[in-house]
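These notes are about the structure you will find just below.
Computed from the coordinates by the stated procedures, all read-outs in this text should not be read as laboratory data. This structure is a prediction, so every number in the text was calculated from the model and none was measured. For neighbour counting, all protein chains shown are included, and Cβ atoms are generated from backbone atoms with ideal geometry for every residue, glycine included.
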Amino acid sequence: MFDNLSARLTRTIERLRGRGRITEDNIAEALREVRVALLEADVALPVIKTFIDAVKSKAVGAEVSSSLTPGQAFIGILHREMVELMGGARAGFSLRAQPPIVVLLAGLQGAGKTATAAKLARWLIERERKRVLLTSTDISRPAAVLQLERLAGEVKADFFRAPAGLTAPEIAAAALELQHGGRP
């Protein structure tokens, strides 16, 4: 989503060059591109509307610092609102829940779920001193399972490889059962 949004904005920000202030007219195209990128990422319509309205209200009429272009100022506003939409700078996991804490990563093939899972596991292990078990419920792509298993080894996380023939919900249930029963 962020790469798509970035590419769309790069094309439209050029239109803001040479302007001393951000106006409703000169950000209309940029906001349209943001809206389309969010729609393509399957963000809910009410969330998109609230986000676009918040960006628009902060951006329209904003004075541009002499060291920034209007495009850079607009990107700054967009970034701050995106961070707020995602939960704010201080948003995080509540690790005070009764273990095991389950984190599900879902998305399209090639969206970066495997790498994100490994990075999250490393963070939980190194910074939060948590024991992490990774498992893949992707029953149609054996290479994805192998990649996650290798990454788990690199970040020193446990890995659960499900027996062949299980469905995705059965794999998740088996991994949870393993967590309740002890270390793999």
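Annotation: lysines with alpha-carbon distance below 27 angstrom to Lys156 (same-chain offsets under eight excluded): Lys113, Lys119, Lys130. Of the chymotrypsin sites (Phe, Trp or Tyr not before Pro) in the range 92-161, the ones in a loop by DSSP (not H, G, I, E or B) with at most 15 other beta carbons within 10 Å are Phe93.
Within the range 123-145, name every residue whose backbone N is under 11 Å away from a label modeled 7 Å from Cα of Arg161 along the Cβ vector. Residues 145 qualify, since their backbone N sits under 11 Å from the label point.
Extension gain, Ala28-Val83: 0.36 nm per intervening residue step, less the Cα-Cα distance, totals 17.7 nm.
Per-residue extension of 0.36 nm, minus the Cα-Cα distance of Lys130 and Val43, leaves a gain of 28.2 nm for this segment. Residue ranges 146-154, 109-117, 26-34 sort as 26-34, 146-154, 109-117 when ordered by packing (mean number of other C-beta atoms within 10 Å per residue, highest first). Distance between the pseudo-spin-label points of Ala174 and Ala115 (7 Å out from Cα toward the beta carbon): 2.9 nm. Between beta-carbons, use under 13 Å as the cut-off and find the net charge around Val103, counting Lys and Arg +1, Asp and Glu -1. Value of the local net charge: +2. The amide H of Phe159, built 1.01 Å from its N in the peptide plane, has Leu134 as neighbours under 5 Å, considering only residues 5 or more places off or on other chains. Under a 5 Å amide H cut-off, with hydrogens placed 1.01 Å from N, Leu166 pairs with nothing among residues at least 5 apart or on other chains. Would you mind counting up the charge near Ala121? Only other residues with Cβ under 14 Å from its Cβ, with Lys and Arg at +1 and Asp and Glu at -1. Within the 14 Å Cβ shell, the charges total +4.
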